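Reading through the structure tokens given below for one structure.
Coordinate-derived values only; no laboratory data. Only a predicted model underlies this, so the values are computations on that prediction, with no experimental measurement involved. Ideal geometry is used to build each Cβ from the backbone, glycine not excepted, and the neighbour counts take in all protein chains shown.
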Amino acid sequence: MSVDDWVRFFSARAQRLMTTADTLLGEDRLAAACAVYLQVVDSCALALEQPGTPDADRRVLDELAAVAFQAAVPLLPHPAEPVQLGSGAAGITGYYFRPAVDRPGSRTVVFPVDPDRGVEASYRSIAVPVLEAGMACLLVDLGPMESDDPLSRLAPVPHQGALVRHRRVPSRSR
């Protein structure tokens, strides 16, 4: 299967799922709509996994995943909210998720996600297990770094705490 076929297949699947999710939401089937919106995000992530995905397709899929995830956020089984730390090019965006039962003294896990994967696509694999452990989770998209950034030579990978410290992202217990 060529890259174009792969991207076309998962893009079409994501579009069909988005229509289904919107229909379910209109029918007030909230849990089902949430699940299907998250499937849209997964389909977009699968389409973007192929090296060589054209930039135009990448932008459309990123936008579709963001719209689907924003639609899912109020339907999630735990409190969630978008966050913006800082502003402009130095700003960091992401989502803050709290467990359904907030325990005094519980910790918040700050997790910088791979910019190629995106915060939305990292929800199920990162935030859900953290929430199930009773902790809050802040998924942050550090975005592309400036070429004069001393850390720009490092490949963006999960658990890259140096990026969090360098960008001064708060990461302490609540």
Quiz item: With charges only on Cβ, +1 for K and R and -1 for D and E, what is the dipole size of the stretch 3-75 about its Cα centre, in debye, rounded to 20?
Solution: 100 debye
Quiz prompt | the stretch 95-139, relative contact order in percent, only Cα pairs under 8 angstrom and at least six apart counted | solution = 63 percent
Self-check item: Nonlocal amide H pairs with G94, under 5 Å, H built at 1.01 Å
Solution: V83, D141
Self-check item: Point-to-point label distance, R103-Q70, nm (Cα→Cβ direction, 7 Å offset)
Solution: 3.5 nm
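With an 8 Å Cα cut-off and a minimum separation of 6 or more residues, compute the relative contact order for the stretch 3-75 in percent.
Numbers: 83 pairs, mean separation 28.5, N = 73.
It comes to 39 percent, rounded to a whole number.
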Self-check item: Sorted by Cβ neighbour density within 10 Å, fewest at the top, the residues C34, C44, C137
Solution: C34, C137, C44
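Highest first, please rank the peptides 49-60, 12-23, 64-75 by the mean number of other Cβ atoms sitting within 10 Å of their residues. Intermediate results must be reported in sequence, preceding the final value.
Numbers: 49-60: 12.5, 12-23: 16.7, 64-75: 18.7.
Top of the packing list down: 64-75, 12-23, 49-60.
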